[in-house]
1. Between a first residue in the range 20-32 that is in contact (Cβ under 8 Å) with a residue 60 or more places away in the chain and closer than 17 Å to Phe155 by Cβ and a second residue that is β-branched (Val, Ile, Thr) and surrounded by 14 or more Cβ atoms within 10 Å (Cβ to Cβ), which pairs have beta carbons less than 6 Å apart while being 6 or more apart in sequence or on different chains?
2. Any residue that is closer than 23 Å to Phe136 by Cα, surrounded by fewer than 14 Cβ atoms within 10 Å (Cβ to Cβ) and modelled with pLDDT under 90 - is there at least one of those in the range 33-56?
3. Among the numbered criteria (1) part of a loop (DSSP other than H, G, I, E, B); (2) of a type in the set (Lys, Arg); (3) modelled with pLDDT of 95 or more, which one does Lys67 miss?
4. Checking Phe94 against (1) under 28 Å from Ala132 (Cβ atoms); (2) out of contact with any Phe, Trp or Tyr (no Cβ under 7 Å at 6 or more places or on another chain), only one condition comes out false. Which one?
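The values are calculated or read from the model by the stated rules, or taken from the named source; none is laboratory data. Remember, it's a predicted structure, so these values are computed and weren't measured experimentally. Here Cβ is always computed from backbone atoms with ideal geometry, including for glycine, and neighbour counts include all displayed protein chains.
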Amino acid sequence: MKKFITYRLAGVGVWHYEFCLNGETFGSVVSRVSRSEPARIEGPGISWYSHFDMDRDIVPGVSRQVKDSRTGEEVYRIIWWQPNLYEIRARNKFVLAEIRDGNYLFGEPGAPVAAMTERKAGAPRLVKGEEAEMCFRTFFFDPVDDAYRMMALSFPALRFC
C-alpha cells in the first residue's frame, strides 16, 4: 500500500496541488483562475492538460476531458452522473469515483483501488516559496501505474461539482 500526501496552495488567481510520496514531490496540478487557461497536470512521464467551460450546465452525462500535452489526444474524461458520483473513462476502461463522507473512493463499487481522505490539519510544506496546507491523504491498495495515480490524485482539482 502506498500513501500520498496532497498539499494545496491557493493564491490570488491561481491554485496549486502538490502530491508527495515519502516526502518527495511526485506530481502536481496547477491552474490559473481563468476561462482560457487549462489546468496543468504533471507527474512522472506525464504532461496533461484540461479545459472546462465554466458556463456549462452541470447535468448528468456532462464531461471534462484530460488530454496529453504532447499529442493532444484524450487520456481520459471525467463524467458527472449525480452528486458525489463520477465515472472516469479511458478508452474501453472505466473507474467509478465516489465521494462518501468526505472520502474519495476510486475503483469498482464495493472494491476501491484507492481512497483519498480529507485532512484539515498537519505540517505545512513550502510550495513555490509559499506555505501550503496539507489537505488530502491518499492510499492505493492495489498496484497501479503512475497514470492511474495521477488520475486519482488530480481528481479533486478537476471535478466540477
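1. Cys20/Ile5; Val29/Ile41
2. The answer is yes, given that some residue of the range 33-56 is closer than 23 Å to Phe136 by Cα, surrounded by fewer than 14 Cβ atoms within 10 Å (Cβ to Cβ) and modelled with pLDDT under 90.
3. Every listed condition holds for Lys67 apart from (1).
4. (1)
Yes/no matrix, rows are residues, columns are (1) more than 19 Å from Val29 (Cα to Cα); (2) at pLDDT below 95:
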{"position": "Trp81", "(1), (2)": "yes, no"}
{"position": "Leu96", "(1), (2)": "yes, no"}
{"position": "Tyr104", "(1), (2)": "no, yes"}
{"position": "Ala114", "(1), (2)": "no, yes"}
{"position": "Asp142", "(1), (2)": "yes, yes"}
{"position": "Ala152", "(1), (2)": "no, no"}
